[in-house]
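Reading through the structure tokens given below for one structure.
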Ligand code: ADP
């Protein structure tokens, strides 16, 4: 057991003392009531002495009353250890007087002394010293009583027997109190440690809660701040695109790119904001009875263009009506759009996505089933955690932040429903949302606009962003790799898995260079070896083989040993940059970058490349000239 010291010891002593005082007062109550009741025993055992014994009993009880009152007196707090055993001594003194007045050592009342010892040790948390004092004094009282009765030697055997058992009981009491004191100390030490840990835990909890609150507040603030300017950027871009003016191809592509990526960012910010609100409990659903069947059919229609653009078959299955739930239409729209756009995102061209719904006795199931890439079994249990992505590596193929499914789960549970995922790798996935069925009459169709902060235009943009999801529409997927985009003096290979970024770079460079493009690591290598470009714009994060590895392999090959490589990186990751330098990259561009910057760096590197080639040509010419001079010289000598 750990020894108690210092403040802990003082705290233990104070607590023990208080306990002893309380128990002692209970002992007083017992003693002052039970002692007079013993007169019934006197009546049976010593009827002649009953009156005298009653007087003795009353005196002993009166003494106990005094002891009880002293317990309450503030001035006696210093004598508390003595007071705590006083009631025992008062009772035992009374008993000894009765023993002395009756048969001395032969009196059966000595058993009463044992009983008092027992009550004392059971009731009071005494130290072994208290117990020793109490028992020792009692044995002394008993001896005096037997001697006072006269001729103790006549009953020597009985006296010895009684003293023997009395002393033995006293010994047991002392040992028991020592043992119990140890137990109390150990219990106190444990409790003290537990209190300390609880206090530490509580303070860590408070700190953690405060940190979580600050983080949530920060995300909420920053999201708000980002959303406003983004809406103001997207609005005018949208206006320009829909103004009916005849934009030239490059401008139209740039505007389209700005819009697409703005919408992506807007969706991400909205998801983040919604999650933070849900975490804070700050989301109040506007629920009303709604028929999910027409709602889902309309929702699927609204994203059909994505499926068509990607070449994915999008079907619906289920009754036309009668799928009534109590839901917040805006929130449910978020839920199902997330699931459907995910299914479209992770299903390759030619695949199928089926949205089906049916109702059971008291619930409604809505499933989004795809024939896409599937989710590995070991990832499935964690798929609804925020920021969780099956492939979070730098070589991942799909964009996203891992927020969508976390949001789906939160929103569905706000609707008292559940969401479940099943999947088989390379076969497809099925996400099933189960919502409680409602028997309410369906209200007239309304659309909640709780999320709208900047008027109808923002609502419209938020809706478009939601519908767009993270599905990458590869407008030029048939010209993904190795196709020349223009004619010019220098050959450039653009390697990026994001179609928008690739299109942006290719569109800008094709006017002045011959441009090839590739969307992943392996096709980048193929294209580089086939076309031997002068310069390669190489994204760091690529599906298949990442940019660093592509760099290494290019440098190792004869065909591309001298081509210039600019690495495109979205991270301020110094280590990746150093790695890339070691593997032979010539320059970096950190996203986001302006086209002027791209152009300037490309020009610089190409100029350097040209100089290198010139130098090489000169060197070859000089070498040839030298050889000719040497030949002429030899001829002259001949
Ligand atoms: P993200 O924005 O990254 O798509 P989500 O939370 O929507 O975030 O999805 C988390 C991850 O779950 C995805 O990155 C993907 O790995 C996996 N996932 C979600 N839906 C599907 C699906 N239909 N098929 C395959 N994988 C999926």
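The values are calculated or read from the model by the stated rules, or taken from the named source; none is laboratory data. Model, not experiment: these values are computed from the prediction. Cβ placement follows ideal geometry from the backbone for every residue including glycine, while neighbour counts extend to all protein chains displayed.
Okay, residues lined up against (1) buried (at least 22 other Cβ atoms within 10 Å of the Cβ); (2) in a helix (DSSP H, G or I):
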position	(1), (2)
84	yes, yes
93	no, yes
108	no, no
119	no, yes
122	no, yes
129	no, yes
133	no, yes
136	no, yes
141	no, yes
- Note on the structure: The one condition residue 19 fails out of (1) surrounded by fewer than 13 Cβ atoms within 10 Å (Cβ to Cβ); (2) assigned to a helix (DSSP H, G or I) is (1)
- Message: Suppose we keep only residues that are more than 25 Å from residue 299 (Cβ to Cβ) and within 12 Å of the ligand (Cβ to nearest atom) within region 356-379. Which one would you say is modelled with the lowest pLDDT?
- Response: 379
- Query: Which residues, taken from region 514-542, are part of a loop (DSSP other than H, G, I, E, B) and surrounded by 19 or more Cβ atoms within 10 Å (Cβ to Cβ)?
  - Reply: 519, 520, 533, 534, 540, 541, 542
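Going residue by residue through region 433-440, is there one that turns out to be part of a loop (DSSP other than H, G, I, E, B), at pLDDT below 85, buried (at least 17 other Cβ atoms within 10 Å of the Cβ) and near the ligand (Cβ under 8 Å from one of its atoms)?
So far as region 433-440 goes, no, none of its residues is part of a loop (DSSP other than H, G, I, E, B), at pLDDT below 85, buried (at least 17 other Cβ atoms within 10 Å of the Cβ) and near the ligand (Cβ under 8 Å from one of its atoms).
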